[in-house]
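Working notes, beginning with the structure itself.
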Amino acid sequence: MKNLCATLAIVWRIAGPYFRSEDKWAGRGLLAVVITLELTLVAINVLLNQWQNRFYSALQAYDLNEFVMQVWIFLGLAFAYVAVAVYKLYLNQWLQIRWRRWLTQHYLGEWLDGATHYRMQLKGDAADNPDQRLTEDVTNFVEQTLFLGLGLLSSVVTLASFVVILWGLSNKAPLHIYGTDIVIPGFLVWCALAYALLGTLLTNWIGVPLINLYFEKQRYEADFRFNLLRVRENSEQIALLKGENAERGHLLQRFGQVISNWYAIMSRTKRVTAFTASYSQAATIFPYVVVAPAYFARSIQLGDMMQTGSAFGQVQDALSFFVANYRQIAEWRSIVARLDGFEMSVDTAANLPMHEATIELEAAGGSRNVGLEKLCVNLPNGKPLVAADGFTIQAPERVLVTGPSGSGKSTLFRAIAGIWPFGTGTIMVPAQAKLMMLPQRPYFPIGALGDAVIYPAAPGAFQATQVRDAIIAVGLPDLAERLSEDGHWNRMLSLGEQQRLGLARALLHAPDYLFLDEATASLDEPSEARLYRLLADRLPQATIVSIGHRSTLDAFHTRKVTVVEDGAIHVLGEADAAAEPEPSAAR
């Protein structure tokens, strides 16, 4: 009961916001109509139960006129039942898609807000497969919550309706305590209750391991799919290293977990199904056995007996809701647990500043400079990595940052960008300044080349002539004619071509601060030099901060700083001033 209450609390926390959202009236209205139609189906079932008594009584009495009348009544009830069932399904699906749309937008917003998706990876949550949470789990949560919720409501109302009928039928064939004249009131109700209670307890005892097995099933399936995606995204490196056998072994190992878990589900499901199927079959004959003595004693008619069997079945089904839907409930609870874990991961990542010593980002007011004050950038485990104090990047200077690999240069850039929360100190950034970070491997979304280059701007934010000019300027005239072509550009282009397109993106967006993290490392030195001249010509007011190791970069920067090891930490400090660039080089 404690676990059930906890699960219901989580369900309300996940489901409640939709019915309080901007779409609340449509959601509430659809839910109200679906509930009304569900209750209408229960009412039609009550009428059909009463019809059974009249129909079979007419058969027993050989009353043709009554028989024909009851056939017409049945046709009317059947037509009403079909119409209500169809529209209940249609409106239920309409509610599902609206609810799923809102919930997906809500989760996407939280996951992608403020680099939360990146912080989740830093906290070790990358293997939790948010893609599955946002697709399968959201879809199944909405569908199964409505299915089980409406099913439970229908069972409660059915129970209340048919208990009254069954109680009345019990009085027609009273059961006496053996050897006495004491009558057990409503004995058919008590028989149905005892039968359903025993079935529920035994089903739960047999099937409770399914809850965890379904949770593990979702995790193993998602992990296997994620690693297949990794192979596809890194197929070139795998092929170059001839790593197919190693990948096959890793994938089969993960698929082995899927298979082992599936065998465990099969074994447990076999036991649950064996019991529930036996339980359902016995329930078919059980009420007739109970009332047969009264029928053969001619205390009740055939119609009463058939109505009793139908009413008992309805009460037993209502009481056996848990038994009949145990597998769905087990899977649903695993989905609820996964969405709850996703929400907790998002919340933890989004609120890192509230729980840990964290770098503070402040607006620099009227200043155009970036300042680092008492800054200590840490690794996620808390180990100090790189420090800087009283360090200023003045606009519009050109700064070259050098230092050994692993000294924290790229992580320092991430901290300045505001996506690295681990550490202490303050980073002051001009209030209205536009920053752009270009990593060594730039990102291009799948789609039209023109849209990929201007990312993250919306499609159409730049004119095609502007995009074409920028691509030509960085030395890719052939690509300039393919702006409308769709493709997976990170896979189709060489790293050098991707870096050129990254610089074309910078030319279009014209940031105030451009941070280049070895963004030209895959180009030859003459090409690199031409592109730095292009940046100086096209973005004369931009402050450019580069991470690089080539000595040829000195000529394109007015200031050089280096990250040096100082005990257990690296420190950012001034190096010898870089030589003033030649006027021709600056151009």
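Give the percent of DSSP beta bridges with both residues in the chain that are antiparallel, rounded to the nearest 5. Before the final figure, lay out each step's value.
Working: 23 of 46 bridges.
Taking every DSSP beta bridge within the chain, about 50 percent pair in antiparallel fashion.
Taking amide H atoms as placed 1.01 Å from N in the peptide plane, list the residues 5 or more away in sequence, or in a different chain, whose amide H sits under 5 Å from that of Thr402.
Counting only residues 5 or more places away or on other chains, the set is Val561, Thr562, Val563.
To the nearest 0.05, how large is the calculated FRET efficiency for Leu240 and Met266 if R₀ is 30 Å and r is the Cβ-Cβ distance? Walk me through the numbers on the way to the answer.
Details: r = 41 Å, r/R0 = 1.36.
The formula returns an efficiency of 0.15 here.
Any chance you could give the angle, 0 to 90 degrees and rounded to 10, that helix 302-319 forms with the longest Cα principal axis of the chain?
30
Report, in debye and to the nearest 20, how large the dipole of the chain comes out about its Cα centre when Lys and Arg carry +1 and Asp and Glu carry -1 on their Cβ. Walk me through the numbers on the way to the answer.
Working: 49 positive and 54 negative charges, 305 e Å.
Here the size comes out at about 1460 debye.
How large is the helix-only mean residue ellipticity at 222 nm for the chain, computed as the sum of -39500 (n - 2.57) over DSSP H runs with n ≥ 4, divided by its residue count, in deg cm²/dmol to the nearest 500?
On the way: 20 runs with 361 residues, N = 587.
After summing the helix terms and dividing by the residues of the chain, the value is -21000 deg cm²/dmol.
Using the Karplus curve 6.51 cos²θ - 1.76 cosθ + 1.60 with θ = phi - 60°, work out ³J(HN,Hα) for each residue of segment 380-393 in order, rounded to whole Hz, and write x for Gly and Pro.
Running phi through 6.51 cos²θ - 1.76 cosθ + 1.60 with θ = phi - 60° gives x, 7, x, 6, x, 10, 8, 10, 8, 9, x, 9, 10, 9 Hz.
Most exposed first by the Cβ proxy, i.e. fewest other Cβ within 10 Å, how do Met266, Met305, Met120 rank? Don't jump to the answer; show the numbers that get you there.
Numbers: Met266 10, Met305 24, Met120 20.
Listed from fewest to most nearby Cβ atoms, that is Met266, Met120, Met305.
Stretched out fully, how many nm does the piece from Gln105 to Asn369 gain, at 0.36 nm a residue minus the Cα gap? Please report the intermediate quantities before stating the final value.
Working: separation 264, 0.36 × 264 = 95.04 nm, distance 3.69 nm.
Separation in residues times 0.36 nm, less the Cα-Cα distance, equals 91.3 nm.
Taking R0 as 45 Å, what FRET efficiency do you get between Ser551 and Glu22 from their Cβ-Cβ distance, rounded to the nearest 0.05? Display every interim value, and only then the final one.
On the way: r = 58 Å, r/R0 = 1.28.
Using R0 = 45 Å, I get an efficiency of 0.20.
Can you tell me the orientation of helix 24-60 relative to the chain, as the angle in degrees between its alpha-carbon axis and the longest Cα principal axis, to the nearest 10?
Between the helix axis and the principal axis of the chain, the angle is about 20 degrees.
[x] 1.59; [y] 1.00; [z] 1.42: which one is Cα Rg over 2.2 N^0.38 Å as calculated from this entry?
[z]
How much length is gained if the chain between Gln50 and Ser278 is pulled fully straight, taking 0.36 nm per residue apart and subtracting their Cα-Cα distance, in nm to one decimal? Before the final figure, lay out each step's value.
Details: separation 228, 0.36 × 228 = 82.08 nm, distance 2.81 nm.
Length gained, Gln50 through Ser278: 79.3 nm.
If one takes the longest principal axis of the Cα atoms in the chain, at what angle in degrees, from 0 to 90 and to the nearest 10, does the Cα axis of helix 326-350 lie?
Here the helix axis deviates by roughly 30 degrees.
Each reported figure results from applying straightforward, stated rules to the coordinates on display, with no laboratory input. What you see is a predicted model, and the numbers here were worked out from it, not measured in a lab. Cβ atoms come from the backbone with ideal geometry, glycine included; neighbour counts cover every protein chain shown.
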